[in-house]
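Notes to accompany the following structure.
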Amino acid sequence: MLAVLGVFVLMGGVLVLLCGGLGYVMTNGSLDTGAGAMLLVGLLVMVLGVGMLAAALLALRDR
């Protein structure tokens, strides 16, 4: 179950990262519009998803 949640969180992080990148491109490289914050949040959510996947895989390995 944790692996499924990890995949969903990772996909959500990718979507947030893509939205932040689109905002960055649409404003000609300005990070003042919140695009920089979205890029940072997207990266943090992706790291959280990878951590959840790693925890699930480590739990399966120790069975």
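Some observations on this one:
- Any hit, the stretch 5-14, residues being free of Cβ contacts under 8 Å to residues at least 40 places away in the same chain, in a helix (DSSP H, G or I) and more than 10 Å from the chain's Cα centre (by Cα): no
- Check on Leu48, surrounded by 13 or more Cβ atoms within 10 Å (Cβ to Cβ), modelled with pLDDT of 90 or more, assigned to a helix (DSSP H, G or I) and over 11 Å from the mean Cα position of the chain (by Cα): no
- Leu60 vs. criteria at pLDDT 90 or above and assigned to a helix (DSSP H, G or I): no
- As for the stretch 17-31, it holds at least one residue that is in contact with a helix residue (DSSP H, G or I) (Cβ under 8 Å, 6 or more places away or on another chain), part of a helix (DSSP H, G or I), touching a residue at least 24 places away in the same chain (Cβ under 8 Å) and surrounded by 13 or more Cβ atoms within 10 Å (Cβ to Cβ).
- If the condition is being more than 12 Å from Val7 (Cα to Cα) and either surrounded by 16 or more Cβ atoms within 10 Å (Cβ to Cβ) or of a type in the set (Asp, Glu) (or both), then the stretch 32-45 contributes Asp32, Ala35, Met38, Leu39, Val41, Gly42.
The values are calculated or read from the model by the stated rules, or taken from the named source; none is laboratory data. Just so it is clear, the structure is predicted and the values come from calculations on it, not from any experiment. Methodologically, a virtual Cβ is constructed for each residue, glycine included, from the backbone with ideal geometry; neighbour enumeration extends over all protein chains shown.
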